[in-house]
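No value in this document is a laboratory result; all are computed from the given coordinates. Only a predicted model underlies this, so the values are computations on that prediction, with no experimental measurement involved. Using ideal geometry, Cβ is built from the backbone for each residue, glycine included, and neighbour counts are taken over all protein chains shown.
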Amino acid sequence: MLLATAAAGVGNLLYKVGLMAGSAPETLLTAQAWLATLFVWYSDGRIRPPAAGFRYGAFVGVTLLLAFIALLNGLAVGAASVLIPVAQRRFVFTAVLGRMLFAETLSWRKRGGLVVAAAAMVTLEFS
């Protein structure tokens with residue numbers, strides 16, 4: 001998880017660098033999608049999503065596309081040090097929805113962490 005977090009952090013900062021260099025948000029996302037497609041093709045030797053995965057994958061793709069376009073448009077005009085942490089608050093919503101929709105258990109330690117994270121979200125939102 002630490003490697004994934006670090007890679008996502010570097011990627012988010014590279015978004016800001018690309019935008020500062022004059023790229024349009026949509027161009028950055030197009031390049032990212034193109035590289036992801038090449039990676040799948042190279043690693044699997046084909047591009048053929050399974051039927052079960054395609055239905056949910058397409059919905060996730062549209063949702064993430066909208067989220068990334070909103071993030072990149074914000075980064076085009078705002079500070080990365082504020083916008084990226086605020087955008088990364090999604091784990092709080094995911095944890096709450098997981099509890100509500102799938103009855104996932106939340107230990108007291110997890111609940112405490114979510115309270116601290118929610119407080120940090122509010123603080124960053126108004127900074």
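A count restricted to the stretch 37-52 and to residues that are surrounded by 10 or more Cβ atoms within 10 Å (Cβ to Cβ) and in contact with a helix residue (DSSP H, G or I) (Cβ under 8 Å, 6 or more places away or on another chain) stands at 1. I want to confirm something. Restricting to the stretch 80-127 and keeping residues that are aliphatic (A, V, I, L, M) and in a loop (DSSP other than H, G, I, E, B), which single residue is surrounded by the fewest Cβ atoms within 10 Å (Cβ to Cβ)? That would be A103.
Pairs under 8 Å by beta carbon, first residue assigned to a helix (DSSP H, G or I) in the stretch 40-57, partner loosely packed, with under 10 Cβ neighbours inside 10 Å, six or more apart or different chains? Sorted first by the residue in the stretch 40-57, then by its partner, the pairs are V40/I47; W41/I47.
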